[in-house]
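Remarks on the structure that follows.
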Amino acid sequence: MRQLLATVLICLASFAAAAQQAAPSLAVNASASRHPISPYVYGINEWPSYNQSTRTWTDSGVSEAMRVGVRRWGGDNATSYNWQLDIKNNDSDWYFTTYVVGDGVNSTFDVFHEKNLQTGTLSLGTVPVLDWTPKLISGQPLVFDQPLSCSFSVAKYGKQAPSNAANCAASPFGSQCAVDPYDSACGSGVSAATGQNIVNYPNDVYQPITPAFAGQWVQSIKNKYGPANLGGVQMWSLDNEPEWWDGVHADMYHQPATYDDMLARDVATAKAVKAADPAALITGPVPSGWAGMFFSKKDLLNGWGKSPYCYWDNPIDQNAHGGLPWLVYYLQQMQQFEQQNGYRLLDYLDVHGYITPPGIGFDTSYTSANTALRLTSTRAFWDPKYIVPGFTNCSGYSNAAGNQVAPALIPTMHGWVNQNYPHTKLAITEYNWGALEDITGAVAQADILGIFGREQLDMATMWPDGNFAAGVPGAFAFQIFLNYDGNGSQFGETSVSATTGNPDVLSIFAAQRHDSALTVLVLNKTNAAISDSISLAGFTSATTAQVWQYSQANLHAILQTPDLNVTGNSVTATLPAYSMTLLVIPQSQNVMTVSQPWISAVTNGASYDASGISAGEIVTLWGTGLGTVAGTNLQLDSNGLLTTALSGTQVFLNGSPAPLIYAANTQVNAIVPYEV
């Protein structure tokens, strides 16, 4: 398999080199394929960290640099987070040890949510569905930066063995050795005598919980911040990657997950969440990848347990449920619940998009072969003909017959929902394409974000590596969409048709913005500059286009370069090697249905002071062409909130829509959004 993969990589690298000289056809049609782009596709996973030395809370800083759509509190540790004590068990990620999460005073999750409120970012929390949560041992004080307890005490359970001997030898201070390298009292959970997983007593370090534990958490959040649609936490995921519970959480879940157990836990917990906050939205069931979308862990073990040792072979659990893939069965059962009970439990079908070729996700090597594969394999999200390379029939993306198939993940998810539970939204809450510290990883990440908008995904949160932060190349992949000029200007909100003759050389995405401007993003995936023309249809443009680029010329900023002329419904641009080029093309004023708005002043709504504005303030915009001659008074939406549009008038401050109180030809009264 290694020799085959090397051949594939070499071929891909050769193809990329040969294709560098070709300039594929690029076309944009602003009147075709129009649909909204969800702001929630521009999301990240992130827990805030507390530094005991400096006594400060820190995070990546990304949400300060741009308006990130959503931040997710998730991952393995979310399963074993005790919200009442602000402690978590590190599960198999680090020797099943329990630690204090924050400062011992403030709830880390509350800090997370309050930061999101400040930046206008949606909060996606994770509620546990298993039966245990970490506890403090009687009389034990809170200590920081060292384990409070561990599930596999060497004193109690005896000598233990590495969970992966080869990885331990390669990394003796890693997470897969016999004992915690920093605390030899805590073991791996693998018996040195038998080589088998130790069946421990969960109540050594855990206390039992029921779905009411999740409901009480949601209720406490609602009591403190309001319901989900009025300042509370808007969304909750139903735990994390259930097909690995018996491994990652082997200290409290001792059997392989089954269809019936996963479904029962999700239904019970979702009911508790909805009872506490009916406005909250639920995502699930959060499988980790392709196999977990089709099978339970019971199925996987049965396939791996005998020749030909393929995960898809003889899925006894799936067969006992009508031969339906797990996600199909799950959607059908959730739809049945709504039909029987009159309300929806599941709002988002939520999966993890770990569908890269081997060695690409979380990769930090920048070889030409890996680079070519990284930049072309984004096709796995959308292309029905793209077979992910590097796998055998037993290890890759296979169907029930064992034949490798194209994941085409987002269209596949659309099909599942349309056929089994219409109107359920789609979420991919973990994915990683690697090399975020390099320009090539940044281009791949920008490609993925463009794909998400074009393919009508509803929410996505990238799982970063430890070096992801504002200012690294991967962060600029988000910034080109969310704040390309440093003043809050964004890519358009309405996707339009954009096509390329070769998406492995140049990919292209286009959208129309609230100010009627057409935004066009072109990504050069090759190691040579390319000059190419973009044809424009369905749009009457102004005569020039702004140009913003991120490239190897300056890895610390998105740069504005000289404007380009738009002539004959076409614009020609030079696209540097491994780069992002954003064109902002205003609409010609000759075709605007209303006169160009002119703002003469922005003042405080009461004092008329014009020296500055602040979040939450009522302001007045003065000018002409701002609204209707008759004027329109405030209106409320279905949640009782002020609308952000009155008779066609909208006000955006740093890209954020402002609630409107009044709109007329010469005056608009608005509230400055808190995220500004």
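The single condition from (1) part of a strand (DSSP E or B); (2) closer than 28 Å to residue 659 by Cβ that residue 64 fails is (1).
Looking only at the stretch 448-468, count every residue that is of a type in the set (Gly, Ala, Ser) and modelled with pLDDT under 95 and tell me the total. Before you say what the answer is, go through the steps one by one.
Going through the stretch 448-468, the residues of a type in the set (Gly, Ala, Ser) turn out to be 450, 453, 460, 466.
Next cut, modelled with pLDDT under 95 only: 466.
Qualifying residue count, the stretch 448-468: 1.
A quick yes/no check of all residues on (1) buried (at least 19 other Cβ atoms within 10 Å of the Cβ); (2) closer than 12 Å to residue 96 by Cα; (3) of a type outside the set (Phe, Trp, Tyr):
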residue: 132; (1), (2), (3): yes, no, no
residue: 139; (1), (2), (3): no, no, yes
residue: 145; (1), (2), (3): no, no, yes
residue: 149; (1), (2), (3): yes, yes, yes
residue: 155; (1), (2), (3): no, no, yes
residue: 160; (1), (2), (3): yes, no, yes
residue: 164; (1), (2), (3): no, no, yes
residue: 167; (1), (2), (3): no, no, yes
residue: 175; (1), (2), (3): no, yes, yes
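Consider the stretch 274-294. How many of its residues are within 22 Å of residue 352 (Cα to Cα), in a helix (DSSP H, G or I) and aliphatic (A, V, I, L, M)?
So the first thing to find is which residues in the stretch 274-294 are within 22 Å of residue 352 (Cα to Cα), and the list is 280-294.
From the residues that got through so far, the ones that are in a helix (DSSP H, G or I) too are 290-294.
Filter again for aliphatic (A, V, I, L, M), leaving 291, 293.
Residues flagged as within 22 Å of residue 352 (Cα to Cα), in a helix (DSSP H, G or I) and aliphatic (A, V, I, L, M) within the stretch 274-294 amount to 2.
At least 1 residues being of a type in the set (S, T, N, Q) and out of contact with any Leu (no Cβ under 6 Å at 6 or more places or on another chain) is the threshold, and among the strands (runs of 3 or more DSSP E) wholly inside the stretch 462-525 those reaching it are 494-500, 518-524. Taking into account only those residues within the stretch 427-441 that are under 9 Å from residue 351 (Cα atoms) and in contact with a His (Cβ under 9 Å, 6 or more places away or on another chain), which is surrounded by the fewest Cβ atoms within 10 Å (Cβ to Cβ)? Selected residue: 430. Within the stretch 400-426, residues that are open to solvent by 40 Å² or more (accessible area, probe 1.4 Å) sit with their Cβ atoms under 6 Å from residues that are among the polar types (S, T, N, Q) and not in a loop (DSSP other than H, G, I, E, B), at 6+ positions apart or across chains, in these pairs: 404/398.
In summary, residue 250 fulfils each of the numbered conditions (1) crowded, with 16+ Cβ neighbours inside 10 Å; (2) among the small types (Gly, Ala, Ser); (3) within 25 Å of the chain's Cα centre (by Cα) with the single exception of condition (3). The residue list 610, 606, 615, 601 contains one member that is outside any loop (DSSP other than H, G, I, E, B), open to solvent by 30 Å² or more (accessible area, probe 1.4 Å) and over 30 Å from residue 526 (Cβ atoms), which is 601.
Test residue 415 against the criterion of being at negative phi and part of a helix (DSSP H, G or I), and give yes or no.
When the stated conditions are applied, residue 415 passes them.
Screening residue 577 against (1) open to solvent by 30 Å² or more (accessible area, probe 1.4 Å); (2) within 29 Å of the chain's Cα centre (by Cα) leaves a single unmet condition, (1).
Among the residues of the stretch 582-596, is any closer than 18 Å to residue 439 by Cβ and open to solvent by less than 70 Å² (accessible area, probe 1.4 Å)? Among the residues of the stretch 582-596, at least one is closer than 18 Å to residue 439 by Cβ and open to solvent by less than 70 Å² (accessible area, probe 1.4 Å), which makes the answer yes. Among the residues of the stretch 213-259, the one identified as under 30 Å from residue 325 (Cβ atoms) and free of Cβ contacts under 8 Å to residues at least 24 places away in the same chain is 255.
Selection of the stretch 85-107 for residues being touching a residue at least 60 places away in the same chain (Cβ under 8 Å) and either over 23 Å from residue 352 (Cβ atoms) or part of a strand (DSSP E or B) (or both) yields 87, 89, 95, 97, 98. Condition (residue is open to solvent by less than 10 Å² (accessible area, probe 1.4 Å), over 22 Å from residue 234 (Cα atoms) and among the small types (Gly, Ala, Ser)) applied to the stretch 100-108: is it met by at least one residue? Within the stretch 100-108, one or more residues are open to solvent by less than 10 Å² (accessible area, probe 1.4 Å), over 22 Å from residue 234 (Cα atoms) and among the small types (Gly, Ala, Ser). Of the residues making up the stretch 498-524, those that are open to solvent by less than 30 Å² (accessible area, probe 1.4 Å) and among the hydroxyl-bearing types (Ser, Thr, Tyr) are 507, 519.
I'd like to check something: does the stretch 327-336 contain any residue that is open to solvent by less than 20 Å² (accessible area, probe 1.4 Å), at negative phi and not aliphatic (A, V, I, L, M)? Among the residues of the stretch 327-336, at least one is open to solvent by less than 20 Å² (accessible area, probe 1.4 Å), at negative phi and not aliphatic (A, V, I, L, M), which makes the answer yes.
So, in the stretch 638-654, of the ones that are open to solvent by 60 Å² or more (accessible area, probe 1.4 Å) and not small (Gly, Ala, Ser), which residue ends up farthest from residue 66 (Cα to Cα)? Checked the stretch 638-654; the qualifying residue farthest from residue 66 (Cα to Cα) is 639. Taking every residue in the stretch 73-84 that is within 12 Å of residue 132 (Cα to Cα) and part of a loop (DSSP other than H, G, I, E, B) and pairing it with any residue that is of a type in the set (D, E, K, R) and open to solvent by 10 Å² or more (accessible area, probe 1.4 Å), at least 6 positions away or on another chain, the pairs with Cβ-Cβ distances below 8 Å are 80/88. Filtering the stretch 402-440 to residues that are among the charged types (D, E, K, R) and under 25 Å from residue 392 (Cβ atoms) leaves only 430. Residue 388 meets each of the listed conditions (1) open to solvent by 30 Å² or more (accessible area, probe 1.4 Å); (2) free of Cβ contacts under 8 Å to residues at least 60 places away in the same chain; (3) of a type in the set (Val, Ile, Thr) apart from (1). When residue 555 is tested against (1) open to solvent by 30 Å² or more (accessible area, probe 1.4 Å); (2) outside any strand (DSSP E or B); (3) not aromatic (Phe, Trp, Tyr), just one condition goes unmet, and that condition is (2).
Restricting attention to the stretch 177-188 and to residues that are small (Gly, Ala, Ser), buried (at least 19 other Cβ atoms within 10 Å of the Cβ) and in contact (Cβ under 8 Å) with a residue 24 or more places away in the chain, the residue that is farthest from residue 92 (Cα to Cα) turns out to be 187. Within the stretch 198-209, residues that are over 15 Å from residue 254 (Cα atoms) and at pLDDT 95 or above reach partners that are open to solvent by less than 20 Å² (accessible area, probe 1.4 Å) and of a type in the set (Asp, Glu) with beta carbons closer than 8 Å, at six or more positions or on different chains, in the pairs 205/251.
The values are calculated or read from the model by the stated rules, or taken from the named source; none is laboratory data. Every value quoted in this text rests on a predicted model; they were computed, and no experiment measured them. Every residue, glycine as well, gets a Cβ built from its backbone with ideal geometry; the counts of neighbours run over all protein chains shown. Just so you know, the surface numbers come from the protein's heavy atoms only, side chains and all, with ligands and any DNA or RNA stripped out. Shrake-Rupley method; radii C 1.70, N 1.55, O 1.52, S 1.80 Å.
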